[in-house]
Amino acid sequence: MKRFGIAEALREAIQEEMERDNRVFCIGEDIAVPGGWGGAFTVTLGLEKKFPDRMLDVPIAELGFFGVAIGAALMGMRPIVDVQYGDFLLLASDQIINNAAKMCYMSGGRAKVPLVMRAPIGATGRGAQHAQSLERFFTGVPGLKIVAPSNAYDAKGLLKAAVRDDNPVLMFEHKLLYGSRGARAEPGATDATSEIPEEDYTVPLDKAVRRREGSHVTILAWLLMLHHATAAANILSNEGIEVEVLDVRSLSPLDYETIGTSVQKTRRAIIVEEGPKAGGVGAELAAGIMERFGKNLLSPVTRVASPDIPVPFTPILENAYRPDVARIVDAVRRVVTS
Amino acid sequence: MKMPDLATTDSDIRLLRWFSQPGQAVQRGQPLFEVETDKAISQVESIATGILKEVRAPADSLVSAGQVIAVFELQSQGSGTSAIDPAPITASPVKVIASAPSAVAQKILGRGSELARDKIQGPALQPLAPAITYERSFLLSLYERMVLIREFEERVKFLFLEGTMPGTIHQCQGQEATAVGVCFALQPDDWITSTFRGHGHALAKGLTPQELLDELFGAITGCCKGKGGSMHVGNMDKGMVPGIAIVGGGIPLAAGMALAFKMQKSPRIAACFFGDGAVAEGAFHEGVNMAALWNLPVIFVCENNLYGASTHISKVMRNTRVSDRAAAYGFRGETVDGNDVLAVYEATRQAAVDCRAGNGPVLLELLTYRRTGHSRRDPCHYQPTDERELWFSRDPLDRFADWMSQNVAVSSSLLAQVKARVEAQINEAVRKAKEAPLPTLNDLNTDVFA
């Protein structure tokens, strides 16, 4: 087995799927430029040499090229389209939400959009418009599947599953988890590497997974926050508080079966999310947990999230924006003693 | 006849005056009375042919939607018999007699830029002069398909007014030659994308009146199993993607479909229908730019009917010649008389040849006109009367019928037979559609995902 970071794992997933099925192609900005970067976060680096006809560089026209990808998918191709920063997805919203997500239903099941979309998100010192967590704008759109891998193993398996699924799948990736190296390395990155098996494997698109067993409280998190939650759990263990950490991983649909098993055991739930508290994915999770399992809980579901502000630039404020290990530890202590 | 629901708000409906008196004969389609809502004053057409027996709401009185306001004694309007009225049913009470082309050419419209005036006086007024020789049967098939679209849309209009058809409709009477001319120049396995005004495109592409009517009635036997409706008609087995109701939204899709054909090394092409209003959308710019950049086999078909909803084209762009834009992206654009079905057919054939040869996209601007409202509740008061008369004199069906009579020895009784056949087909489809099974609640949550 080899140890890969998320960028490498995604690159391998894309390569293997393109070798396996010649309907698969990539389309995005700066993804296939000889001597270029392989996309802003190196994911497609080198693939332009292996697949010169199936790596398409596009003009800066997100609405347009997402529409192009959807049109190609309608005709049986299996595109992987990406935005350079998740914030740019908003330009493509009409095509994603009004076209891709609805085409199957409004055709009475006769039209299919086997499309994979990829978007890097998270606050990384670049300022408010290159920093948002965009999941909230697309979860709850009927017809769209949404995943968010916290580690390389999941990233590779989820991407392969997404390519093989006949529906539009949107994968959110965190900029601080790519493990990119060299000139494109991210300051402040977190280690999200995993052992990657040699054999072909996929990860189901609709399942959450328990990362750490515990009994006193369940923390639900995804992407970077999953790592902070794990770190918090390790600290709390020294105080005799055993935190169960759940990697939500599938943001649409939400896996209430796995979530329920955990929450009904611990009877306390905390959701940790990067992004403003109001209207986040955590809001949907909190409501969903309360509806299904609220009667058994020892305390109300709590959310640890960013303040309701755009992302500030200056590091002291951006660090306050991003939920950190200390805030998570604090929240757990309060919930467990309430 | 019940008062149709014309108000888009809960305002009062006031019946102002009747155009016919009890005892008088009326024709289906003839204006019967005038109403006022908070939106507009409009005329409402009679839904039946016969004698107006009784008027149940006096002039200048408030009426409510659904209230019985008139009673007719019907005459049978048989189809397939010799007593066919050869005059087509029109939405307008004015039967325009086409004047000599040169006289009409001098008519100055009060609106529009110099460029718009040039367009209207220009190619639209040349006599039909096709460049290739046609089989008589092919010409008749073009005509019959245009009649099918016109009769379908007229029938749907009345079904909607009757109150039996749910939802809304965006109709295309007057734009039959654009749909038929383009679609008949495509191969059966070529694809089209369409808009919320897609009934004509669907019929031209080969969807049946039955599957469309079933869909408009919301039946499970509809082309989209009742889940799409009027704005999303399509059939993936007949090369039509469900209509995209977001203006301009289909343009990048069509480019993407053409990209797939190119990557698949297939000879297929895509034709993308959109209106003059869509040209302002960013999606137009982005879609045509990429199509040109990658030499994609897509024909961008702009049906320029001078209006985006109720707004005249001169109010939304400085250069109103849509075809000029192609050159800016490095590909070929052409303006065509959109009410000349043979001109449209020939332009599309050439464009298809260019696309299949790998020369990249073509932009066809088809000059045409909507004889009907933007959507069914729209009485078109923003269309000046002289403009309407001018364009009605260029009606695509009348012009083609006249031309065929003069050039192909087609008798008026043959054309009448075409109309009768179409009417019979539509009558049968309506009868079946009204009884077609609806989806059940078990169908509510299906087809969200493939």
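We did not get these values from a lab; they are worked out from the coordinates using the rules stated. Keep in mind that this is a model prediction, so the values were computed, not measured. Neighbour counts are summed over all protein chains in view; Cβ atoms, including those assigned to glycine, are modelled from backbone coordinates with ideal geometry.
Report the antiparallel proportion of the DSSP beta bridges in the stretch B:101-434 as a percent, rounded to a multiple of 5.
Bridges in the stretch B:101-434 that DSSP calls antiparallel: roughly 10 percent.
Pick out, from A:ILE328, A:VAL217, A:ALA32, the residue whose Cα sits farthest towards the positive end of the charge dipole of chain A, with +1 on the Cβ of Lys and Arg and -1 on the Cβ of Asp and Glu.
My answer, from the dipole projection, is A:VAL217.
When a/c reaches 1.5 or more, the comparison of a/b and b/c decides; with that in mind, is the stretch B:101-434 rounded, prolate or oblate per its Cα gyration tensor?
The shape class here is rounded.
Only counting other Cβ atoms within 10 Å, I'd like A:ILE80, B:ILE132 sorted with the fewest neighbours first.
Placing the least packed residue first, the sequence is B:ILE132, A:ILE80.
What spacing in nm lies between the two simple spin-label points modelled at A:ARG333 and B:SER61, each 7 Å away from Cα in the Cβ direction?
8.1
Taking a ≥ b ≥ c as the square roots of the Cα gyration tensor eigenvalues, with a/c under 1.5 meaning rounded and otherwise prolate when a/b beats b/c, else oblate, which class fits the stretch A:125-191?
Here the stretch A:125-191 falls in the oblate category.
As a quick test, which of the pairs A:LYS156/A:LYS207; A:LYS145/B:LYS227; A:LYS112/B:LYS157; A:LYS102/B:LYS419; A:LYS2/A:LYS50; A:LYS50/B:LYS265 have an alpha carbon distance above 27 angstrom in this structure?
Distance filter (> 27 Å) returns A:LYS112/B:LYS157; A:LYS102/B:LYS419.
Using only the alpha-carbon atoms, how far is helix A:6-20 inclined from the longest principal axis of chain A? Give it as 0 to 90 degrees, nearest 10.
Orientation of helix A:6-20: about 40 degrees from the principal axis.
When we measure straight from the Cα of A:LYS49, which lysines land under 18 angstrom away, once same-chain ones fewer than 8 places off are left out?
Within reach: none.
Determine, from the Cβ-Cβ distance of A:THR261 and B:ASN319 and an R0 of 56 Å, the FRET efficiency 1/(1 + (r/R0)^6), rounded to the nearest 0.05.
With R0 = 56 Å, the Cβ-Cβ based efficiency is 0.30.
So if I place +1 on the C-beta of Lys and Arg and -1 on the C-beta of Asp and Glu, and nothing else carries charge, what would the dipole magnitude of the stretch B:140-180 be about its Cα centre? I want it in debye, nearest 20.
The calculation lands at about 60 debye.
Using the basic label-point model (7 angstrom from Cα toward the beta carbon), what is the B:LYS434 to B:GLU162 distance in nanometres?
With each label placed 7 Å out from Cα toward Cβ, I get 0.4 nm.
Could you tell me the calculated FRET efficiency between A:LYS2 and A:LYS49, based on Cβ-Cβ distance and R0 = 25 angstrom, to the nearest 0.05?
Here the calculated transfer efficiency is 0.75.
Return the aspartates and glutamates within reach of B:LYS238: Cα separation strictly under 15 angstrom, same-chain partners fewer than 8 residues apart disregarded; answer none if there are no such residues.
Excluding near neighbours in sequence, the set is B:ASP189, B:ASP190, B:GLU211.
With r defined as the distance between the Cβ atoms of A:ALA185 and B:THR446 and R0 fixed at 41 Å, what FRET efficiency is calculated, to the nearest 0.05?
Efficiency for this residue pair is about 0.30.
Put a dot 7 Å past each Cα toward the Cβ at B:ASN359 and A:SER237; how far apart are the dots in nm?
Here the modelled spin labels are 7.1 nm apart.
Straight distance only, please: which lysines reach the Cα of B:LYS315 with their own Cα at less than 18 Å, same-chain residues fewer than 8 apart left out?
The reachable lysines, counting only those whose Cα sits under 18 Å from B:LYS315, are B:LYS119.
Report the net charge of residues surrounding B:PHE274, where surrounding means a beta-carbon distance below 12 angstrom and charges are Lys +1, Arg +1, Asp -1, Glu -1.
After counting each charged neighbour, the total is -3.
Roughly how tilted is helix A:325-337, in degrees to the nearest 10 and between 0 and 90, from the longest Cα axis of chain A?
Approximately 40 degrees, to the nearest ten.
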